[in-house]
């Protein structure tokens, strides 16, 4: 959405203008006070106003000139950029598909940009070739070199390029960036690391790197949502990283929660113990995340059953919602629990219970019909009836409601 | 006479100080706004956004559309909303006691059928006549209710919303295809975010192509051009700056995204004020502070919402009158926040700023003009000085406009024609030839009407935005 | 990039970069195969698919190419009549293979 060049200069300009104007207007105000108290001559006041006028006029001219010049120049620059990108995309495509020879010298920026775009999009043999090309041209080290720039903005751009390039040689530098005091840098470094690690073949190297990532995440103090993103971006490397992370003692609640939510989103098997443990955690967010993940993974390990049952009676509403949502995992044993949940004081719990009953096919439907008639709670009766009305007909395969 | 002279001169010097401080603050916010845009632009690229979408990283959202007598444009508008790119969202249109064919047009266009819906009536609202679901669009819900005003309609919609986030828009807001995605990902990333606003830009003058903007062009009428500048300044050098300081108090009614739970917690929108959008945000801040929770109200500088702005003076004046009244109603309702340490930066900086520099500004502006005129006439102030000072005000105003326009130039979707940019430059000057003064007067008028006209809206003459129309 | 890949194989390619553009192109010519990316800037790719099948009544095989992996999206695409759904990242040779198979009928 935004252009990323020339804004630095504009910022310097804006800051200069602001400082100048602050000084000048300060002087003006002071002069006005002096004038009002009669301590200065009228000519001084006029002179001050004149000076302020002139400086403001100069500022205005400079800013306007910059804006107009920028407009014109960016048009041209982007036109050229588009042409060069087109040229390089065509050239890379021919190199990949038609066996043309690759350039043997230094890659200009557009060539790199085009190559990174293709990296995003291609897999298979061509994908592998691109990775090789990136290695041949030392793209990873070239980019990570720029990470030493003192300017935060520059580093953010480089981190983004590294996220696209996904070059393993950049991993050590990225891990360093994950310790940066600036939260935005850590955020982009984490994303870049996740995307890069996802391309590593399974093996001891990947495991070692995953361990480093897990350790760094613990120290990085990233928000829950960002850690989740990281797990999602790890793709195949996610299970291992999650495993390492969850095995740490003293794992922060934020990370544990993010891990559990990622397990659910990715539908990963093999975390039975952790999901079961979540049910008994002191933090309601973790209990809820664990229960939700159970439903999303779709399998109820024996040791988690007690936690799921307990969830129905939890004091916190959103935990009960997740318990109801995942309740269907208990099979027919869930029916009495869901029956009571239909009468919960929270509308959201009632709705989740209704939907969970639908997932239990015939027994569930029968229960809903019975609830619609016989449930002692009026709202439960209404919810049961509503759920049945909204439900897709049994024969329909995923049609619109 | 001496005393009058002294008072006039003294007042003018007070005005000089006021003007100086105000403009330095504007420039400061301008700089902050620019910084925030620069960081935001590098934090997440379009490609990264798409990446997250492909991995299911989003939050479902309910789009709430309050509508009153919008028969001309409602179908196009709803169709556009349904075409938004987001994996899980619903659109809830609330026909707020429409006396025209709004509901009929919707029924016909979307094959609506009445349903009995069980939902939780947490918030009070005017009685609902019918709830209608679309047979063709599974995620469209239309509520036909008795008239109760925009806030009331939104509350009714909130009751029916089933997703954790809600996006409150105007019936004529035109959202970008990926607006919801851009907005909701900030909620998904950070639990502390409770409300978000996006940049709103005037639609007038743009060439449309089937319901979306094909080419962004400056409008033909000067009154619309002035508004383009106002919106540019307000969002890029105003709200962006405030957002960065963590003291954003206004989220436009044309586009705002909220966590439903947080809004329900504070009791929804207040129906007795015309500034319900600002009032809600202030209340969200307040509630969070009082409960010792962190609650972030942020703005995304992405221009993801476009709206039609008034093209005639009468509608414009009514709108500005309403905004000023809304501002005052909100400030007065929450006057306990003023200089209250308990509310941190908001209480000590944000709210006082709004009181002194937004709320009281019209008084000072109008009195300033009068004072200058008087003193120049009575000779108490050197007329040359007065003229120079006025010139200074104009130049400074243009400077601020150009700072904002400079930020807009960074957008990929900017006014592309150099011609338009020069038009905006001219408009920055011409604004001072009566436009600003007129609106200051109107805002001043509004302040006297706060008590009398509590909670009353006006109507805007709509020219019918939508599919295949060329606004100019 | 795909445009080039297809042209190298000898196919005649028309590219549209938006839904509106696509509709115009479809109105102008008939095609043997349609490759549809779902992430078009100004509208939903699935909506365009519905338009092609329901409103134009056009039987041309449509190959969907998208980064979106949600089961729901894939299902909906199939319901709307897509011949096949390829995920990104893709291998150009695979795509070429599909295109030729679909074009052959």
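The values are calculated or read from the model by the stated rules, or taken from the named source; none is laboratory data. Model, not experiment: these values are computed from the prediction. Counting neighbours? That spans all protein chains shown, and the Cβs are built from the backbone with ideal geometry, glycine included.
So the values come out like this:
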read-out	value
Residue within the range A:79-96 that is within 13 Å of chain B (Cβ to nearest Cβ) and surrounded by fewer than 14 Cβ atoms within 10 Å (Cβ to Cβ) present	yes
Residue B:444 being surrounded by fewer than 22 Cβ atoms within 10 Å (Cβ to Cβ), at pLDDT below 95 and within 13 Å of chain A (Cβ to nearest Cβ)	no
Residues of the range A:57-78 classified as at the interface with another protein chain (Cβ under 10 Å from one of its Cβ atoms) and closer than 30 Å to residue C:4 by Cβ, total	3
Residue within the range C:27-45 that is over 21 Å from residue B:88 (Cβ atoms) and modelled with pLDDT under 80 present	no
Test: residue in the range C:55-76 that is away from chain A (no Cβ under 14 Å) and assigned to a helix (DSSP H, G or I)	yes
Residue list for the range C:25-54, filter: farther than 25 Å from residue B:137 by Cα and assigned to a helix (DSSP H, G or I)	C:25, C:27, C:28
Meets criteria (surrounded by 15 or more Cβ atoms within 10 Å (Cβ to Cβ), under 13 Å from the mean Cα position of the chain (by Cα) and modelled with pLDDT of 85 or more) for residue C:19	no
Selection count where residues are assigned to a strand (DSSP E or B) and away from chain C (no Cβ under 14 Å), scope the range B:75-90	1
One residue from B:72, B:67 being surrounded by 22 or more Cβ atoms within 10 Å (Cβ to Cβ) and either touching a residue at least 60 places away in the same chain (Cβ under 8 Å) or within 11 Å of chain A (Cβ to nearest Cβ) (or both)	B:67
Helices (runs of 4 or more DSSP H) enclosed by the range B:345-433 - at least 1 residues per element that are under 27 Å from the mean Cα position of the chain (by Cα) and at pLDDT below 90	B:361-378, B:383-409
Selection within the range C:77-105 - within 14 Å of chain A (Cβ to nearest Cβ) and either in contact with a helix residue (DSSP H, G or I) (Cβ under 6 Å, 6 or more places away or on another chain) or assigned to a loop (DSSP other than H, G, I, E, B) (or both)	C:80, C:88, C:89, C:91, C:92
Matching residues in the range B:135-156 - criterion: being modelled with pLDDT of 90 or more and within 14 Å of chain A (Cβ to nearest Cβ)	B:139, B:140, B:141
Some residue of the range B:250-258 being in contact with a helix residue (DSSP H, G or I) (Cβ under 6 Å, 6 or more places away or on another chain) and over 27 Å from residue B:439 (Cβ atoms)	yes
Single match in A:268, A:242 (criterion: buried (at least 16 other Cβ atoms within 10 Å of the Cβ), part of a helix (DSSP H, G or I) and modelled with pLDDT of 90 or more)	A:242
When residues of the range A:1-56 are limited to those that are outside any helix (DSSP H, G or I) and facing chain B (nearest Cβ under 7 Å), the one surrounded by the most Cβ atoms within 10 Å (Cβ to Cβ)	A:1
Scope the range B:25-47; condition within 7 Å of another protein chain (Cβ to nearest Cβ) and either buried (at least 20 other Cβ atoms within 10 Å of the Cβ) or not in a helix (DSSP H, G or I) (or both); matching residues	B:27, B:30, B:31, B:34, B:37, B:38, B:41, B:42, B:45
Condition met for residue B:267 (surrounded by fewer than 22 Cβ atoms within 10 Å (Cβ to Cβ), at pLDDT 90 or above and at positive phi)	yes
Positions within the range B:48-58 being facing another protein chain (nearest Cβ under 9 Å) and either assigned to a helix (DSSP H, G or I) or at pLDDT 90 or above (or both), in sequence order	B:48, B:50, B:51, B:52, B:53, B:54
Selection count where residues are touching a helix residue (DSSP H, G or I) at 6+ places or on another chain (Cβ under 6 Å), away from chain C (no Cβ under 13 Å) and either crowded, with 18+ Cβ neighbours inside 10 Å or in a helix (DSSP H, G or I) (or both), scope the range A:100-133	2
Among the residues listed as A:155, A:184, the single one being free of Cβ contacts under 8 Å to residues at least 60 places away in the same chain and buried (at least 21 other Cβ atoms within 10 Å of the Cβ)	A:155
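Residue by residue, here is whether (1) under 24 Å from residue B:202 (Cα atoms); (2) at the interface with chain A (Cβ under 9 Å from one of its Cβ atoms); (3) without any contact (Cβ under 8 Å) to a residue 40 or more places away in the chain; (4) surrounded by fewer than 18 Cβ atoms within 10 Å (Cβ to Cβ) holds:
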residue	(1), (2), (3), (4)
B:366	no, no, no, yes
B:375	no, no, no, no
B:383	no, no, yes, yes
B:387	no, no, yes, yes
B:392	no, yes, yes, no
B:403	yes, yes, no, no
